Every structure is written in C-alpha cells, then in structure tokens.
Amino acid sequence: MLNPAVRQSLQQLSETFRAAQPFRHVVIDDFLEPSVAEGMLRSFPGFDARYALNEMGQVGGKAVREAVTELPEPYPQLDQWIQSRDFLAAMEQLTGIPDLLYDPHYFGGGTHENVDGQSLDMHIDFNYHPADRSHRRLNLIVYLNPEWEAAWGGCIEFAEDPWDPGNRNRKQVLPLFNRCVVFETNERSWHGFPRIQLPAERKQLSRRSLAIYLYTRERPPEETAPAHATVYVPDARPQHLVAGHVLSQADTDQLDHCLASANGQLKFLYEREKDFSAQIAALQHAVREANAAARVDVLGYARQIGAPRGIWPDGWSSRHSGLVLKMERACRSAVLRVWVPEALDGSFELVVAIDSVPETHRLRGGRVCELKLPLRAPAGRELTLEFSASADWLPSSDGASADTRALAFRLLDLSLNHD
C-alpha cells in the first residue's frame, strides 16, 4: 500500500526526519498508492455527533472513529498492513526508532474529521498507552483533503515553545490529499492547528485525516517522563491585535473563540483535579486501613496489641519500628527471621530491644538472617519489641523500582518457643 517511490526514498527521508526542527519530523507527499488514498476518501465516514464528544463530554467540531476495522474497505485492508512487519520495518527505517508497536485500539487515533470553526490548541500528547503502558513514540497523519488553502486555517503547526508568546518559531504544513506527516512524540513535540475558517462557498468541506500512533515497550531514560494526559496550551493573543487597532467582527469572534478555548481547558483541569483529589483521598484511606490492619507474622501463642509501628503490611520495616505482644502462654525464647537488602551488606546492625533492654545483631545483606531472642514472659504479660536499624535503603535509587519508601529490613516472621 506504500507508494513505491516513498519506499525507495526511505533513506533520504530518514535524514530529513532526523535533522528537522523544532523536533524530528518529515512531510511525505503521495504517501500511499493513489488507489488506496482515493478509496479512503470515498469510504471516509460522515460526521456523526456520537463520535464528536470532547474532553468535557460536549459535542464539538471534531469527530473521531477509532474502530477503523468497522469502516468499509480499504480501511480493514489498511489496518492489516499497518500491523505488518512490512509497514513497521519501513517506519523503523524512516525514524531510527526500533521495535515499533501497532495499536489495535487506535486509542485517540483513527479517522479524524474537523469542521468549520474547529481548532486544536498547541499540545503534547499523552505519553503512555492506557491499556498496556507502552510508550507513545510516533504520530503518522495521512491527510485526505483534495482541496485546501492556508487561508482557511487547519494547517498543522509545529512549535518550539508555546509557553513563550514571543517565540513564533513555528512550521506550518498544509493538510493536502495523500500527504503524510510523521513526527516523534515526546515532551517537546508541540503541535496543533489554528481555527478552520472556510469561505462561504466552501462551508461543506471539512478537514479529514487518518491518524496512526505507534508505540514501543521501552524508551531511552532521558526521554522518559512521568505519565500524563494530553497537555494543551491555549494560543497567545493574535499578533495583529495591538494598541490602537480597531476591532472588527472577525477580531471579536477570534477573541471569543480563544477565551472559550482557554475557559474550556480550565474547566477540564478543574474537574480533573477534583477527580484526582477524590482518588488520592481514597488511596490515603486505603493505606490507613491497611496499616491499621497490618500484622506481623507471629508463630506461637501471642496476640498483637494494636498495629505495629513503622512496619508496612508487606513486612518491610523502616529504620525504627516496633510492636506489642500479649503472651497467651508462657514464652521462654523466640527466633526472629529478617531479610536485609543486599545494598546494605557490610556493616548493617539491628538493635532489638525487649521491654527497653537492647541487644545488637550484626547482619549480612542479601540473605535471610535468624536472630535468637531472649524473650521470656509468663502468660498474660505484654511485651514491647522495638527495632532500630543502622541504615536504610531506597529501592528507587537504582532506577529499577518506583517504590519511594526508605526500607531497612523485611520482617519475615517471629517464632515463639513456649514451655
């Protein structure tokens, strides 16, 4: 389905992609075989309000059909090719990004139709696939507009820094028929398009395209960021609106559109913040509940009084922790089994105090250690056990874990020996 001329030019196109500014991209004309592109235009779905809901749940001017395989041919055929090694290998050669993955969900992709009055604020895309957490790496957009002029708006723009109103370093690309724009998605790949303003005799037209997003399982650490949704930046004041300018009706319409866009984003972020706050509160409650229900694995006849201090439900302990036991039967000794992280091997010491009487144990890291404790108590006696470690360890320090806790050791179990 790829135009043979494009396949023959992949090396040259790759050089253009790598050198492009303000971020890596390439514009490819006559991307697909003409018959394929023409068939896509003939089978392009009509605008349907059911598929035009925006982030606020309102019907907008952009309809998205993610279920590409449910559309008439050639879309199902095109879907088969997009997931083939032929297509993915060509895109890997073009971009230099290895092991690209097809998205069977077309999440956020598929056919896009934007009608008169619609715009797309500058933004960077969400960076992880919501289903499998793979990294979003490439956008491929194939345009299907047999006629389009720059004066009509709707031209995709690439920006260097949309946060800086004075930075007008932007590249604009006309969305012409069978033109494909391929660009890398990262934390600086800002893109969008200005509002579509069609002339009266062209109001029946719309901006049509097919969007394909590709992913990878891994990504270079220097390009990786915490997960985020799409981040929008409303456009700055139109440059022609300066002091002394007399506003026309078109000017006020443009200002109203800009304000509505900015207010819409603020409302969306406000509602999302409320959702996040509710989620955080629920998680905090769950953590409190889990900590309150936490129990050390005690083998023997004793009852734990209250929740342990400084010991998490998974058995990991902070540097200073403890618990209180009430003996159901007389106890003459105990064995404490702990695991010390390998990172703490060398000079790790654990002080175990039974009713304020301390005993120091020097332990090896990376192994299970057994500590014999002089734990003597008659039935009915309450004993306080306190643990003080000489060091702790951050699992996140080696980059292999997202666990931000400071951990000293893991308490596996406490075995009581009774008379």
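The values are calculated or read from the model by the stated rules, or taken from the named source; none is laboratory data. The structure presented is a predicted model; accordingly, all values stated were derived computationally and were not measured. Note that each Cβ is placed from the backbone with ideal geometry, even for glycine, and that neighbours are counted across all protein chains shown.
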Check on R50, closer than 24 Å to F107 by Cβ, outside any strand (DSSP E or B) and either within 30 Å of the chain's Cα centre (by Cα) or not assigned by TED's automatic domain parsing to the domain that holds R85 (or both): yes
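To keep it simple, each residue is scored yes or no on (1) crowded, with 19+ Cβ neighbours inside 10 Å; (2) hydroxyl-bearing (S, T, Y); (3) more than 26 Å from P98 (Cα to Cα).
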| residue | (1), (2), (3) |
| --- | --- |
| F158 | yes, no, no |
| W190 | yes, no, no |
| T216 | no, yes, no |
| E222 | no, no, no |
| D235 | yes, no, yes |
G310, sole failed condition from (1) assigned by TED's automatic domain parsing to the domain that holds S397; (2) at negative phi: (2)
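So that you can scan it fast, the table gives a plain yes or no per residue for (1) in a loop (DSSP other than H, G, I, E, B); (2) of a type in the set (G, A, S); (3) modelled with pLDDT under 95; (4) not assigned by TED's automatic domain parsing to the domain that holds L32:
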position	(1), (2), (3), (4)
Q77	no, no, no, no
W81	no, no, no, no
D86	no, no, no, no
A89	no, yes, no, no
E92	no, no, no, no
D99	yes, no, no, no
H112	no, no, no, no
G117	yes, yes, yes, no
D121	no, no, yes, no
Any chance F126 is in contact (Cβ under 8 Å) with a residue 60 or more places away in the chain, not acidic (D, E) and not in a strand (DSSP E or B): yes
Odd one out for N167, checked against (1) touching a residue at least 12 places away in the same chain (Cβ under 8 Å); (2) surrounded by 13 or more Cβ atoms within 10 Å (Cβ to Cβ); (3) over 19 Å from D30 (Cα atoms); (4) among the polar types (S, T, N, Q): (1)
Elements of type strands (runs of 3 or more DSSP E) contained in segment 241-338, each with 2 or more residues being modelled with pLDDT of 85 or more and surrounded by fewer than 16 Cβ atoms within 10 Å (Cβ to Cβ): 302-304, 316-327
Subset of segment 339-366 [of a type in the set (A, V, I, L, M) and either surrounded by fewer than 13 Cβ atoms within 10 Å (Cβ to Cβ) or within 36 Å of the chain's Cα centre (by Cα) (or both)]: V340, A343, L344, V357
Only one of A225, A211, A229, A151 that is touching a residue at least 60 places away in the same chain (Cβ under 8 Å), small (G, A, S) and not in a loop (DSSP other than H, G, I, E, B): A211
Test for Y51: is it under 16 Å from V142 (Cβ atoms), hydroxyl-bearing (S, T, Y) and surrounded by 17 or more Cβ atoms within 10 Å (Cβ to Cβ): no
